[in-house]
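What follows draws every value from the coordinates through simple rules; no lab data is involved. Quick caveat: nothing in here was measured; it's all calculated off a predicted structure. Positions of Cβ are backbone-derived with ideal geometry, glycine not excepted, and every protein chain shown enters the neighbour counts.
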Amino acid sequence: MNPQIITREVPPRAAWTLEQAGVSPLLARLLAARGVKSPDELDDGLARLLPPEGMKGMAEAAALLADALAAGSRICIVADYDCDGATACAVALRGLSLLGARAGTLDYVVPDRAIHGYGLTPAIAELALAKRPHLLMTVDNGIASLAGVAHARELGMQVLVTDHHLPALVGDAVVLPEANGLVNPNQPGCTFESKNLAGVGVVFYLLMALRGELRKRGAYESAPQPKLDGLLDLVALGTVADVVKLDANNRRLVAQGLRRMRAGRMQPGLAALFTAAGRDATQANAFDLGFALGPRINAAGRLSDMTLGIECLLTDDGTRATELAKQLDAINRERREIEAGMRELAEEKLEALMQNPQLRGTPPAALCIYEPEFHEGVVGIVASRLKERVHRPTFVFALGADGQLKGSGRSIPGFHLRDALDLVSKRAPDLLKKFGGHAMAAGCTLVDPDAFAAFDSALQQVASEWLDEAALTRTLRTDGALPPEAYTPTTVRELEAQVWGQAFEAPLFCDQVEVMQQRIVGEKHLKLRIRQGQGQGQVLRDAIWFGHTEGLPERVRLAYRLSLDSWNGQERVQMVVEAAEPLV
């Protein structure tokens with residue numbers, strides 16, 4: 001579906017305020033359009049982070065950990081099989097070691113996606129019991145693990161839940177696990193301002209609170225307190241990879257982590273992942289984390305064992321880090337091959353669906369795709385790709401190794417996916433075995449593998465009730481025309497130095513241009529030579545539209561971002577096209 005190109009509004013007072021503070025006019029305009037009102041919001045110093053004391057349950061959780069460290073108790077981390085969970089696990093283990101955990105008292109378990117499913121289940125509690133822990137600490141999971149927390153406590157373990165997902169619903173009531181400690185900015189009654197922390201961010205905050213608790217207990221009267229900022233490279237990676245909203249607090253965490261990466265002060269595993277991905281760590285940006293390093297960590301949880309990813313982030317041996325990064329890179333290549341085949345098959349099913357005379361070539365209000373051959377570890381990526389293509393809430397299902405039908409969904413603005421699943425479960429109580437997630441991404445397991453059609457129908461009904469024509473129209477928000485004098489490598493570097501991401505999108509410009517030349521390169525990309533400007537201000541520019549082969553009319557409105565193309569030691573600015581609208 002071709003998007004409707006619109007231009008962001010720029011609050012003039014906010015832009016003026018930023019300019020007066022020394023921000024360049026272009027950057028001031030871009031930041032103001034994204035809600036930045038004050039220069040203080042651009043201060044990414046650690047002192048500007050929200051204090052951990054503002055999070056509900058933080059003091060009790062810090063005291064629980066401090067008691068465990070003082071007693072030399074064994075602590076087992078219950079991790080998750082995505083990048084956020086892997087980085088959260090590594091931050092927890094590294095941080096607890098820094099703060100005084102005795103050698104041999106720390107361990108972790110991570111569920112296998114195909115065997116155990118998500119979170120602290122009773123089976124994972126049994127698995128953790130083999131580590132003989134006194135305290136179980138969940139990272140990036142646990143808020144909805146009612147049965148698993150209860151079982152772990154029945155087995156004699158204390159449980160500390162750290163999570164950022166939404167709590168479980170029983171009927172219309174929010175129900176929390178009966179843990180010994182619980183930290184989650186999205187639990188009822190928590191007034192912490194940033195509800196957008198990733199799981200790794202919550203763990204980092206808990207470590208800050210733990211250090212404060214240890215300080216109050218006199219742990220650092222005769223020795224300097226440990227520094228935790230060396231963990232921020234991992235915090236940045238998990239935050240960007242989990243696609244949480246980059247509010248001011250998250251941008252500070254990411255900016256600090258990127259700064260350390262560019263300076264070469266990062267874990268050996270991250271340095272090895274940069275090398276494996278062919279990326280320059282000295283120029284590290286959020287795109288590298290989200291599209292190069294993150295997918296390589298995630299691939300382990302999708303196709304293999306997330307232990308590989310966690311071990312890569314934990315090792316201090318550069319040689320071992322390199323070996324593990326190469327393994328992760330190979331798994332990611334396999335994941336891309338599987339994804340390509342699944343995506344092709346899914347798009348064939350979509351095309352067949354669109355032939356339905358009742359749809360008249362328009363996608364349904366929600367899209368559900370199932371194919372027995374699909375790999376359950378990759379369905380979320382395929383759902384994301386289809387969602388981008390048709391701008392509809394999308395679920396893709398696969399038959400799990402345990403014989404259950406498992407779906408992963410991605411959504412569009414205005415359709416809260418977890419809430420939609422909750423409504424489906426209320427209307428059809430015998431349809432969903434379990435579900436969870438948040439607004440833009442969620443997962444579910446069907447009670448009966450033959451219930452796909454019933455789920456499809458139920459989700460369609462909810463979507464038709466909640467989504468109007470405006471919500472079903474894909475829009476692409478741009479930042480208007482780029483001033484001709486800003487079309488320079490200096491501008492590109494200035495923009496790349498900023499932290500962009502979810503809900504704080506990277507700049508996208510739009511201009512009316514004439515297409516002078518166009519040709520296909522690499523069999524699937526459209527290379528363009530365009531003329532921009534009027535009269536004596538006309539200039540010729542190079543542009544490329546990746547993954548697009550349809551020719552363009554002579555006059556179009558282009559939505560594009562800027563990139564630097566280096567060749568033979570020279571840098572050229574290039575337009576990377578995201579969308580085009582014909583001009584009459």
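Fewest neighbouring Cβ atoms within 10 Å first, the residues Arg335, Arg561 line up as Arg561, Arg335. Between amide H atoms placed 1.01 Å from N, distances below 5 Å from Leu405 occur with Gly400, Leu446, all of them 5 or more places distant or on a separate chain.
Between helix 379-390 and the chain, what is the angle of the helix's C-alpha long axis to the longest principal axis, kept within 0 to 90° and rounded to the nearest 10? Compared with the principal axis, the helix lies near 30 degrees.
In a reduced charge model with +1 at each Lys and Arg Cβ and -1 at each Asp and Glu Cβ, the chain shows a dipole moment near 960 debye about its Cα centre.
Applying the Karplus relation 6.51 cos²θ - 1.76 cosθ + 1.60 with θ = phi - 60° to the range 578-584 yields 3J(HN,Hα) values of 10, 6, 8, 10, x, 9, 7 Hz, where x marks Gly and Pro.
Taking packing as the residue-averaged number of other Cβ atoms within 10 angstrom, the listed peptides 132-143, 405-416 run from highest to lowest as 132-143, 405-416. Legend: calculated FRET efficiency, Gln570 to Arg215, from the Cβ-Cβ distance at R0 = 51 Å, rounded to 0.05, equals 0.45. Any idea which of Ala458, Gly403, Val447 is furthest toward the positive side of the dipole for the range 356-466, if Lys and Arg beta-carbons carry +1 and Asp and Glu beta-carbons -1? Value: Ala458.
Extent of the range 48-331 along its three principal axes (Cα atoms, max minus min coordinate, largest first): 47, 47, 39 Å. Short-range pairs are left out: with C-alpha atoms under 8 Å and at least six residues apart, the relative contact order of the range 66-186 is 24 percent. Taking the range 559-582 and a reference point 7 angstrom along Cα→Cβ of Asp280, the backbone N atoms nearer than 11 Å belong to 564-567, 569-571.
Measuring nothing but how far apart in sequence close Cα pairs (under 8 Å, 6+ apart) lie, relative to its length, the chain scores a relative contact order of 12 percent.
Taken over the Cα atoms of the range 543-584, the convex hull encloses 83 Å³ per residue.
Amide H contacts of Val36 (H built 1.01 Å from N, in plane; Pro and chain starts excluded): no residue 5 or more places away or on another chain comes under 5 Å. The shape of the range 356-466 can be summarised by an equivalent ellipsoid whose semi-axes, obtained from the alpha carbon gyration tensor, come to 19, 16, 14 Å from longest to shortest. Scan [x] 62; [y] 19; [z] 42 for the value of percent of Cα pairs over 44 Å apart calculated from this model and give just the label. Recomputing percent of Cα pairs over 44 Å apart here picks out [y]. Oblate is the label for the range 116-222, because a/c, from the alpha-carbon gyration tensor with a ≥ b ≥ c as root eigenvalues, is 1.5 or above and a/b does not exceed b/c. 3J(HN,Hα) along the range 337-348, derived from phi through the Karplus expression 6.51 cos²θ - 1.76 cosθ + 1.60 where θ = phi - 60°, amounts to 5, 4, 4, 4, x, 5, 5, 4, 5, 5, 5, 5 Hz, with x in place of Gly and Pro. Taking label positions 7 Å along the Cα-Cβ direction at both Asn2 and Gln358, the computed distance is 2.9 nm, reported to one decimal.
Potential lengthening of the chain between Ser73 and Gln534 amounts to 158.7 nm, from the contour at 0.36 nm per residue minus the alpha-carbon distance. The phi torsions of the range 261-267, fed into the Karplus equation with coefficients 6.51, -1.76 and 1.60 and a -60° offset, translate into couplings of 4, 4, 8, x, 9, 9, 5 Hz, rounded to whole numbers, with Gly and Pro shown as x. For the range 476-582, averaging the sequence separation of C-alpha pairs within contact (under 8 Å, six or more residues apart) and dividing by the residue count gives a relative contact order of 25 percent.
Its Cα centre serving as origin, the range 443-559 has a Cβ charge dipole (Lys and Arg +1, Asp and Glu -1) of approximately 780 debye. Adding -39500 (n - 2.57) for every DSSP H run of four residues or longer, then dividing by how many residues the chain holds, sets the calculated 222 nm ellipticity at -12000 deg cm²/dmol. Which values of log₁₀ I(q)/I(0), to two decimal places, follow from the Debye formula for the range 476-582 at q = 0.14, 0.18, 0.24 Å⁻¹ with a uniform point scatterer at every Cα? So the normalised log intensities work out to -0.56, -0.94, -1.50. In summary, the lysines within cross-link reach of Lys245, defined as a Cα separation below 24 angstrom excluding same-chain residues under 8 places away, comprise Lys37, Lys56, Lys195, Lys387.
Sorting 512-522, 205-215 by average packing, meaning the other beta carbons within 10 Å per residue, from highest down gives 205-215, 512-522. A DSSP coil position with no more than 13 other Cβ atoms inside 10 Å describes the following chymotrypsin sites (Phe, Trp or Tyr not before Pro) in the range 464-554: Phe546.
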